[in-house]
Structure formats: C-alpha cells, structure tokens
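A quick write-up on the structure given underneath.
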C-alpha cells in the first residue's frame, strides 16, 4: 500500500508543478487568456477546474472517514472530467490569436492532466476495496511514513491551489483585471 501513497504523492507534486507553470505563467502571465475575447471561455473553464481542484484534494485525499464527502469528491471529479472535455474541445478557437496551441504546451497539458488523474485514481485505489463483489469505502488506512508524506503534500497544495483559483476568478472581473494589467505592464521579464 505504501507504494500507492508514494506514487500518489509524486503525481500530486508533478501535477502542481505543471499546473502552476501552465495555469499561472502561461495562461495568466504570458498569454493573458483572461484578457482576450477569443480566450475568455477557456479562462472560464480553467477557473472552474481551479476551483474544483482544492475541493477534490480535500474531499478525496484529506477526508478519510466521511463516505458522503468522499462521494461528493468523486462527483466533483466527474464534473472536472466534463469541464476538461469542454475546454479541450474549444482550445483551437481560444488560441487563434497565436496560431493555435503550441505543441510543447499541448504536451504540458497532457502530462499535467495525466498526473492529475493518476493521483486521483491512486487515491481511489487506496480508499476503495472490493469484497465479495461489492465495492466498499475503506476508512482503515494504515498509518505509515508514506501515508504521512501524502497527507502533508495534500494539505500543503491546497493554499496555493486556492490562491490560483481566486486569481482566476477575480481576473474575470473588469476592475481587478485592470489593476492586474497595470501592475503586469510594469514588469518587463517573461
């Protein structure tokens, strides 16, 4: 079981690194998707996913005893997959201003989503068991160093994920967007 916690921990960290690079640096900082008419829908789908992510982490990775909350987390994962599909479907129009999505960014998206869903699937494998043909929710998780590392990572990705979600959300509003663009224009790097 420890190997599943280590793999889930690595997947969660790798997702957060790639998602921060893609979601903050590329989408918000470099390409300013929130400020382009053709990319506004993409920014909205990213905002929904950014809001869903800390909720999913809390409900699936940190909540270890409440089955109802776990099921809500699973429902949010299903919603996340739907929003991801909608986002991917509209990606071509969203990036028309730059001649389409660059291949390297497409690769970043593939790996980020692979790690995102790998972490979720590993958590589901840790939390669910099949007994006599019945799927059961397990609240008995053996305490180990691997489990502690995973819990530490899960708890500590939430603040950054919330900040990124709030940033996505406020950049949909005109006044905060204007303030952001004003400060952003003063920085000449990147």
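The values are calculated or read from the model by the stated rules, or taken from the named source; none is laboratory data. No experiment lies behind these values; they were computed from the predicted model shown. Every residue, glycine as well, gets a Cβ built from its backbone with ideal geometry; the counts of neighbours run over all protein chains shown.
Would it be correct to say that residue 111 is over 18 Å from residue 33 (Cα atoms), touching a residue at least 60 places away in the same chain (Cβ under 8 Å) and within 16 Å of the chain's Cα centre (by Cα)? Taking the combined requirement at face value, the residue satisfies it. Within the stretch 26-35, the set of residues being surrounded by fewer than 18 Cβ atoms within 10 Å (Cβ to Cβ) and free of Cβ contacts under 8 Å to residues at least 24 places away in the same chain is empty. State whether the residues of the stretch 147-154 include one that is closer than 23 Å to residue 48 by Cβ, surrounded by 11 or more Cβ atoms within 10 Å (Cβ to Cβ) and in contact with a helix residue (DSSP H, G or I) (Cβ under 9 Å, 6 or more places away or on another chain). So far as the stretch 147-154 goes, yes, one or more of its residues are closer than 23 Å to residue 48 by Cβ, surrounded by 11 or more Cβ atoms within 10 Å (Cβ to Cβ) and in contact with a helix residue (DSSP H, G or I) (Cβ under 9 Å, 6 or more places away or on another chain). Among residues of the stretch 179-190 that are within 15 Å of residue 34 (Cβ to Cβ), those with a beta-carbon under 8 Å from a residue that is assigned to a loop (DSSP other than H, G, I, E, B) at least six positions away or on a different chain give the pairs 180/171; 181/32; 184/32. Among the criteria (1) out of contact with any helix residue (DSSP H, G or I) (no Cβ under 7 Å at 6 or more places or on another chain); (2) farther than 30 Å from residue 152 by Cα, the one residue 41 does not fulfil is (1). Only residues in the stretch 136-152 that are more than 16 Å from residue 122 (Cβ to Cβ) count as the first member; pair them with residues that are part of a loop (DSSP other than H, G, I, E, B), Cβ under 6 angstrom, at least 6 apart or cross-chain, and list the lot. Pairs found: 139/65.
Residue by residue through the stretch 114-129, note down the ones that are over 18 Å from residue 58 (Cβ atoms), assigned to a helix (DSSP H, G or I) and either touching a residue at least 24 places away in the same chain (Cβ under 8 Å) or in contact with a strand residue (DSSP E or B) (Cβ under 9 Å, 6 or more places away or on another chain) (or both). Matches in the stretch 114-129: 115, 118, 125. Residue check: is residue 65 surrounded by fewer than 20 Cβ atoms within 10 Å (Cβ to Cβ), assigned to a loop (DSSP other than H, G, I, E, B) and either touching a residue at least 40 places away in the same chain (Cβ under 8 Å) or in contact with a strand residue (DSSP E or B) (Cβ under 7 Å, 6 or more places away or on another chain) (or both)? Taking the combined requirement at face value, the residue satisfies it.
When we screen 111, 70, 97 for residues that are assigned to a helix (DSSP H, G or I), in contact with a helix residue (DSSP H, G or I) (Cβ under 7 Å, 6 or more places away or on another chain) and buried (at least 18 other Cβ atoms within 10 Å of the Cβ), the only hit is 70.
For the stretch 131-148, filtering for residues that are at positive phi and at pLDDT below 75 leaves 0. Filtering the stretch 12-25 to residues that are in contact (Cβ under 8 Å) with a residue 12 or more places away in the chain and either surrounded by fewer than 21 Cβ atoms within 10 Å (Cβ to Cβ) or more than 14 Å from residue 53 (Cα to Cα) (or both) leaves 13, 14, 18, 20, 21, 22, 24, 25.
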